[in-house]
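The values are calculated or read from the model by the stated rules, or taken from the named source; none is laboratory data. What you see is a predicted model; the values in this text were computed from it and never measured. Glycine gets a Cβ as well: all are built from the backbone with ideal geometry, and neighbour counts include every protein chain shown. The accessibility values were calculated without ligands, DNA or RNA, using every heavy atom of the protein model including side chains. Shrake-Rupley method; radii C 1.70, N 1.55, O 1.52, S 1.80 Å.
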Amino acid sequence: ELHRYRMHYYVHNTIVMDLNLDYDSLNTNLSKYQRRYIRRSKERGVKINIFNSNNNADKLKELFYKFQSAHATATGGITRPQLTWDCQYKRMLNEEATLFVAFVDETPVSYLYCTEFYCFAIGASQVNIKEFEKFYSPRHLLEWTAILYYKGNGFKYYEVGERFYGPQLLYIPTEKEISISDFKEFFGGVKLPKVYWI
């Protein structure tokens, strides 16, 4: 339909977890790689805390700004307007988003911000603290905790994120995007197409 306006398209897959499946099925769909890292993170003392307007609300602002600061450190500076961060924080106050934080002792080592829309949740933004990333591998446990949290709270689907393979005519993913999407695929979700028009 949009071809009539001389628009062009490209297609990516996005990986979506069906939370209607029982726990055993979700766990079976995990790759051996993911299960091993989830178990290892737990054994090495990684704990996940959940922050939103109903969980740890008194520390919500503090942890959100630590998340924002960690993002700036990881990317080497400010990559988007402050207004976008303010909107994300407001969504948390309005029961439309949750921040999952991995801790080692009292130190936050990884953050995952998820947006929520009715029965659908999306892993929207994530950052690791670099010095903890290799030994603790917190991201695996962080994402798995989010999946189980949303299943336990009656959500139907959880979008882990886009799956990139290689260059397309109108989009060339970075090596980092491809590496992250390899990681996402190991959670065993289904691939659904997302179409972008230019």
Longest the chain segment clear of chymotrypsin sites (Phe, Trp or Tyr not before Pro) sitting in DSSP loops (not H, G, I, E or B) with at most 16 other Cβ atoms within 10 Å runs 1-117
Would you grab the residues whose amide H sits under 5 Å from the one on Val109? Only those 5+ places off in sequence or on another chain, please, with H modelled 1.01 Å from N. Ala102, Phe103, Val104
Near Lys151, which aspartates and glutamates are there with a Cα under 17 Å away, not counting those fewer than 8 places off in the same chain? Asp18, Asp22, Asp24, Glu95, Glu96, Glu116, Glu143, Glu159
Positive minus negative residues near Asn20 (Lys, Arg vs Asp, Glu; Cβ under 12 Å): 0
Show me the trypsin sites (Lys or Arg not before Pro) within the stretch 40-103 that DSSP assigns to loop and that have at most 15 other Cβ atoms within 10 Å of their Cβ. Arg44
Once you've got the Cα coordinates, tell me which of Lys47/Lys130; Lys130/Lys194; Lys90/Lys134; Lys42/Lys194 are over 28 Å apart. Lys130/Lys194; Lys90/Lys134; Lys42/Lys194
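Summarise the accessible area of the chain (1.4 Å probe, protein heavy atoms) by the percent that is carbon and sulfur. All intermediate terms of the calculation are to be shown ahead of the outcome.
Numbers: 6080 of 11530 Å².
Within the chain, the accessible surface is 53 percent carbon and sulfur.
Direction-averaged shadow area of the convex hull around the Cα atoms of the stretch 1-86, nm²? Write out the running numbers ahead of the final one.
Numbers: hull surface 44.4 nm².
For the stretch 1-86, averaging the hull's shadow over all directions gives 11.1 nm².
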Each residue of the stretch 187-198 in turn: what ³J(HN,Hα) in whole Hz from Karplus with 6.51, -1.76, 1.60 and θ = phi - 60°, glycine and Pro shown as x? 7, x, x, 9, 9, 10, x, 10, 9, 10, 10, 10
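When the helices in the chain are scored as -39500 (n - 2.57) per DSSP H run of 4 or longer and the sum is shared across all residues, what 222 nm value do you end up with, to the nearest 500 deg cm²/dmol? Spell out each step's value before the answer.
Working: 7 runs with 80 residues, N = 198.
Per the formula, -12500 deg cm²/dmol.
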Give me the net charge of Gln68's neighbourhood, meaning all other residues with Cβ under 13 Å from the Cβ of Gln68; Lys, Arg count +1, Asp, Glu -1. +1
